[in-house]
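A.B. asks: Mind having a look at this structure? Questions to follow.
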């Protein structure tokens, strides 16, 4: 046997993971006749369910390569779900593979049964007894459920919610765990005082024994498959001698062939506390725990069904002890949770070939130089070794700025959380954009409102590292905006506040040990959202060098009484595109400035026409001769040039472009300025979109939109945006301070977050 741990630092979230459960993947499109189990496909991909301390249930896609070859299978439409319906920490999650359902239990006693329909997870059943649930388990055929409560009440019900029988046990202590027999004809219960009770399928007491006087029972499990996925059981499986493993709180394990076994096998693991689970092969028992007295020294042990230690390995260093463990992918993976992090152990039942062992050694020690040519066969092995079992879109810390500045490859499902100092705080302190992952939230961006008069926001740079920002000075007037920008979309207070503020050449800030802390840095600005005083027109502008200066605009139709749904128009540019102003307003010409240089040549003027649907990339280099301008021949060209050189307009523009001393006249100077502007503008597509009009519901007397279960509260701020008939963004309220934000191409995280910030305010929208 050989076990190694994957090198993946991103398999973590912001809260402690208290429970794990895995099941194989069933094809999304199954006909009415059913689906035949394909072991090769079913165990190659699957879903990992996690329950965490913040009351969220995570469902995350997992996959493994076969025979050291990279996976070529297509990903599902959505690879991560964060299920919200609990109001306390989720302590148990259990898959029902035959019926493809998920049960989750929280610390307050609420049990939810989730079912997937139309690519979304919905709550099918709710059971609330106002008593803490100590154990929940499905029968091996998936038809029955066993529930144990802290007060000694036990219940057996059907998968459809019908109660078969219930009983109030009065053991000496609390019922801590339970288990189904391999044939589902008996149920076993363990107590906090080391007592075991056996009941038949009808609830009649069969056997009772006291196994441990000095320690309670924490868990029990039979060495059999979790679920019978085939209709006809294998006869050899019925003749197999199953083993019952009973885990005690002192770290010891009892192995029994039957409930009245006179000579059980005692295993002293030396770990406490411990978590265990049988493999699908029914021959290996995985035990994970911590060394007593040594904090964060976690160990994984593999035992055979006769109690022999087969393999032992230390886990990667972690700050917390083991909290959950489960097998996955038909005994090829072991998933172990230590607080907010999940460690993935790759298991090989046999001895690995020599070439794979050599590749593992070189990969672990990073001896493969990236600039050297590697044979294709070795590349496939390295690709399989370096691949992550748990699908992850969370970027590395060194790539966080690039990740939020560009459009994602796949649709991102995020949550916007509003943070306030207190109930009377106005405006809110900040808004944080989180990516949903493993049932938790990974922070991406932070935005803060900076003006009391106008709904204006600033978005901070999430990446802090040692790099030079010499070309990203923000001490320029208007953050380097063009003079042609309308003054109604900028805040004088913001300009005065940042006119004398400059960004240092480098940053020596030390990164925190916890990569996914809720507090993002506020050292440097990445983008900003400016608005007019009415809160109907917003401009999104980039401040950092990694972003284009003009990212887009949002325009709302003015509504004083708020009797109709909001009507919004978006103009978003692609990555690195420069966008002209006022494309969402009626077409008009900008104010012209005409100058004569003392000759009879035609006057040169520059006008920029802004179209509603696309950016105009042509400039008018000449206009007909004006009879009024012909009377200015006596003007001195040097005096005009001197006044222009000393004007504030020139100094605002010269900060980005150096003056060339060999201009012959003002005409050559203007042509040079136009050429520089055209060179700086990258030719990328502009997307003009509008929000989807909601449908009026006569029954409820409200306007409605289908958010696919992502939005749970009515609000005027809820909206959806479509492009070419495809929904590319949706935003809506989840609760008082939380909003759901889902987006895809052409939006980047910065643009989607900025549009969401523009929508959280009310004003005249």
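A.B. asks: Take region 117-145 and flag every residue that is at negative phi, free of Cβ contacts under 8 Å to residues at least 60 places away in the same chain and in a loop (DSSP other than H, G, I, E, B). Even if it seems obvious, please write down each step before you answer.
C.D. replies: Step one: of region 117-145, the residues at negative phi are 117, 120-129, 131-141, 143-145.
Okay, now just the ones that are also free of Cβ contacts under 8 Å to residues at least 60 places away in the same chain, so 117, 123-129, 131-137, 139, 143-145.
Across region 117-145, the qualifying residues are 129, 131, 132, 139, 143.
A.B. asks: Scan region 269-289 and tell me whether some residue there is surrounded by fewer than 16 Cβ atoms within 10 Å (Cβ to Cβ), on the phi > 0 side of the Ramachandran plot, without any contact (Cβ under 8 Å) to a residue 40 or more places away in the chain and out of contact with any helix residue (DSSP H, G or I) (no Cβ under 7 Å at 6 or more places or on another chain).
C.D. replies: The answer is yes, given that some residue of region 269-289 is surrounded by fewer than 16 Cβ atoms within 10 Å (Cβ to Cβ), on the phi > 0 side of the Ramachandran plot, without any contact (Cβ under 8 Å) to a residue 40 or more places away in the chain and out of contact with any helix residue (DSSP H, G or I) (no Cβ under 7 Å at 6 or more places or on another chain).
A.B. asks: OK, next. Which pairs turn up if I take residues in region 686-704 that are within 14 Å of residue 716 (Cβ to Cβ) and look for partners that are part of a strand (DSSP E or B) with beta carbon separation below 6 Å, at least 6 apart in sequence or on another chain?
C.D. replies: 691/568; 691/719; 691/721; 694/703; 694/704; 703/696; 704/695; 704/697
A.B. asks: When residues of region 260-281 are filtered for being farther than 30 Å from residue 43 by Cα and in a strand (DSSP E or B), how many remain?
C.D. replies: 4
A.B. asks: For the condition in contact (Cβ under 8 Å) with a residue 12 or more places away in the chain and either more than 25 Å from residue 440 (Cα to Cα) or assigned to a loop (DSSP other than H, G, I, E, B) (or both), what is the one hit in 756, 716?
C.D. replies: Values: 756 fails: either more than 25 Å from residue 440 (Cα to Cα) or assigned to a loop (DSSP other than H, G, I, E, B) (or both).
Answer to the check: 716.
A.B. asks: While we're on this one: Would you mind finding the one in 734, 726 that is in contact with a strand residue (DSSP E or B) (Cβ under 7 Å, 6 or more places away or on another chain), at pLDDT 80 or above and within 26 Å of residue 84 (Cα to Cα)?
C.D. replies: Working: 726 fails: in contact with a strand residue (DSSP E or B) (Cβ under 7 Å, 6 or more places away or on another chain).
Criteria check complete, one pass: 734.
A.B. asks: Given (1) surrounded by 20 or more Cβ atoms within 10 Å (Cβ to Cβ); (2) at pLDDT 85 or above; (3) under 32 Å from the mean Cα position of the chain (by Cα), identify the lone condition not met by residue 568.
C.D. replies: (2)
A.B. asks: Whether any residue in region 408-425 is touching a helix residue (DSSP H, G or I) at 6+ places or on another chain (Cβ under 6 Å) and at pLDDT 85 or above is what I want to check. So that I can check it myself, show each step before the final result.
C.D. replies: Here is the first cut: in region 408-425, the residues touching a helix residue (DSSP H, G or I) at 6+ places or on another chain (Cβ under 6 Å) are 416.
Now narrow it down to the ones that are at pLDDT 85 or above: 416.
Within region 408-425, one or more residues are touching a helix residue (DSSP H, G or I) at 6+ places or on another chain (Cβ under 6 Å) and at pLDDT 85 or above.
A.B. asks: Here is a further query. Could you check region 396-411 and list, in sequence order, the residues that are under 14 Å from the mean Cα position of the chain (by Cα) and more than 22 Å from residue 573 (Cβ to Cβ)?
C.D. replies: First, pick out the residues of region 396-411 that are under 14 Å from the mean Cα position of the chain (by Cα): 396, 400, 403-404, 408-411.
Once the filter is applied, which keeps residues that are under 14 Å from the mean Cα position of the chain (by Cα) and more than 22 Å from residue 573 (Cβ to Cβ), region 396-411 yields only 396.
A.B. asks: Can I ask one more? Give region 282-318 a look and list any residue that's assigned to a loop (DSSP other than H, G, I, E, B) and under 34 Å from the mean Cα position of the chain (by Cα), or say none. Write out each step before concluding.
C.D. replies: Our first condition is that a residue be assigned to a loop (DSSP other than H, G, I, E, B); within region 282-318, this holds for 282-283, 291-297, 305-308, 315-318.
Passing the criteria: 291, 294, 295, 296, 297, 315, 316, 317, 318.
The values are calculated or read from the model by the stated rules, or taken from the named source; none is laboratory data. Keep in mind it's a predicted model, so treat the numbers as computed, not measured. Every residue, glycine among them, receives a Cβ derived from its backbone with ideal geometry; neighbour counts consider all protein chains shown.
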